[in-house]
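The values are calculated or read from the model by the stated rules, or taken from the named source; none is laboratory data. Small disclaimer: the values here were computed from a predicted structure and weren't measured. Cβ coordinates were reconstructed from backbone atoms using ideal geometry, including for glycine residues, and neighbour counts include every protein chain displayed. The accessibility values were calculated without ligands, DNA or RNA, using every heavy atom of the protein model including side chains. Shrake-Rupley method; radii C 1.70, N 1.55, O 1.52, S 1.80 Å.
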Amino acid sequence: MAQSSADLILIAYDGSENAQRAIRYAGHFLSAGRAIVVTAWEPLARQAARISGLSGVMQPGWVPDIQQEDAALTDAKAINDEGIRLAEAAGLQADGRCIETETTVWAAIVDAAEELDATIIVTGTRGSTGIRALLHSSVADQVLRHCHRPVLIVPPNEGN
C-alpha cells in the first residue's frame, strides 16, 4: 500500500496501549516532513479543585510548591518522551510537546493542531461500545467532531 504524504502529523499520545498502536499505524501508513507527539496534562492543583468540586466536599486550599515542577507535568514529559521514541522507531521524524489542558483533553489537542497547522491528527481510542460509549464519548470522538482537519483514529486491537 502506498503511503500518503503529510507536512505535519500531530500524534495524541497518553502512554496507553491504544496510543502506542496509533503511533505504529502512523509510521506504517503516513509519511511526513515531521511528526509532533502531543501529551496533554492537567496541573495537580486544578485536578484537586475539579475532584473536590465533583465530590461536593469543600477542600482546603492547596498551593503547590512553585519552586518544583508540577508532578503531573513531570509524568507528562516522561510519557511524551516515550511517545517520541516510539514514533522514531516507527520511522517518523518526531518532536514532542506537552500541552496543558485548560478545559478538556480533546480541546487541548484541537487547539494544538490549529496552532501547529497540523495536516492530520492521529489518535487511538478506548474502543468503548454500547451504553458505555453513549455515556462517555472518547477524546478521539470529540477531536473528530470539533476539529476541521483529517483525523486518523486507530481502534484498539480486538484482543484488548
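Brief remarks follow.
Yes/no matrix, rows are residues, columns are (1) over 20 Å from Asp75 (Cα atoms); (2) touching a residue at least 24 places away in the same chain (Cβ under 8 Å); (3) open to solvent by 10 Å² or more (accessible area, probe 1.4 Å); (4) not charged (D, E, K, R):
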{"position": "Ile9", "(1), (2), (3), (4)": "yes, yes, no, yes"}
{"position": "Tyr13", "(1), (2), (3), (4)": "no, yes, no, yes"}
{"position": "Ser16", "(1), (2), (3), (4)": "no, yes, yes, yes"}
{"position": "Arg24", "(1), (2), (3), (4)": "yes, yes, yes, no"}
{"position": "His28", "(1), (2), (3), (4)": "yes, yes, yes, yes"}
{"position": "Ala40", "(1), (2), (3), (4)": "no, yes, yes, yes"}
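- Applying the criterion of at least 2 residues that are modelled with pLDDT of 65 or more and not β-branched (Val, Ile, Thr) to the helices (runs of 4 or more DSSP H) found wholly in segment 49-160 leaves 71-89, 105-116, 139-146.
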